[in-house]
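Below: one structure, written as structure tokens.
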């Protein structure tokens with residue numbers, strides 16, 4: 001364990017620097033064990049912990065790195081467990097998805113995290129530095145008033161950067177290709193409902209990922225407001241939104257959408273996927 005906490009992004013950057021110096025092959029020949037705090041992302045209750053999950057076992061086997069997964073005890077308050085862990089002198093090597101923004105200054109002052117400013121430059125991080133030069137506000141989002149840097153930004157093109165995860169084994173069994181159009185989705189959902197009694201299980205408003213098919217951005221970003229050609233627009237007032245509502249209402253009436261979609265949480269959706277009750281998991 002270390003007093004200095006290594007954030008995931010910093011760890012990934014470090015591996016990138018090493019690969020630039022010498023070729024790295026996997027699995028690594030090492031007996032090192034990484035202690036990783038993992039709590040922000042809900043995981044299926046069919047596994048007692050992340051270490052039992054086939055995904056993480058495969059990652060450990062491929063990388064050659066053993067991972068000691070650390071998480072709060074069942075039923076424990078996650079926020080309290082996180083705060084106690086951060087206040088201790090025995091921190092893990094990596095904290096997965098830790099939201100440190102609100103307390104970054106305190107963590108820097110206490111030596112819990114390191115200042116990345118000396119490493120953010122054209123020599124060690126050329127791509128990130130170029131992004132910051134073109135978008136100064138991005139760098140400001142991870143920098144304190146005195147110039148110290150506590151992280152790196154994550155950049156995504158929201159309109160088309162991630163889609164739902166579909167059961168390809170079911171597609172193969174039904175003789176279907178990966179859906180590309182709304183018609184393809186309807187055919188797939190009907191086939192899966194008939195063969196597996198599985199439905200589409202969006203989490204709360206995440207059925208709005210279909211808005212892209214009608215030329216509209218996802219509703220949950222910026223409360224439905226978006227900018228196009230210098231004009232501020234509202235998703236629900238745009239042409240195409242009514243057709244989207246008609247589509248979703250039709251899918252719901254046909255029993256293809258989980259009737260509990262309005263109350264689904266991430267944990268519920270993940271568990272339904274693990275228990276073969278859903279067609280896919282929508283993007284978060």
Rounded to 0.05, the calculated FRET efficiency for the beta carbons of residue 276 and residue 246 at R₀ = 22 Å is 0.15
If each residue of separation counts as 0.36 nm, what is the full-extension length gain between residue 236 and residue 254 once their alpha-carbon separation is subtracted? 4.1 nm
Theoretical gain in end-to-end length, residue 77 to residue 48 [0.36 nm per residue, Cα-Cα removed]: 8.7 nm
Spread of Cα-to-Cα distances over 10 Å intervals beginning at zero, given as percent, for the range 160-281: 12, 43, 33, 11, 2
Going by a ≥ b ≥ c, the root eigenvalues of the Cα gyration tensor, does the range 54-122 fall in the rounded group (a/c under 1.5), the prolate group (a/b larger than b/c) or the oblate group? oblate
At residue 266 and residue 84, where each label point lies 7 Å from the Cα along Cα→Cβ, what is the point-to-point distance in nanometres? 2.2 nm
Can you tell me which of 235-244, 265-274 comes out highest on packing, and rank the rest after it, using the mean Cβ neighbours within 10 Å? 265-274, 235-244
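Tell me, in nm to one decimal, what length is gained between residue 107 and residue 165 on full extension, where the rule is 0.36 nm per residue of separation less the Cα-Cα distance? If you can, show how the numbers build up before the last one.
Values: separation 58, 0.36 × 58 = 20.88 nm, distance 3.64 nm.
Stretched fully, the residue 107-residue 165 segment lengthens by 17.2 nm.
Quick note: the coordinates plus some simple rules give every number you see, no bench work behind them. Everything numeric here is computed off the predicted structure, so don't read it as measured data. All Cβ positions, even for glycine, are placed from backbone atoms using ideal geometry, and neighbour counts span all protein chains on display.
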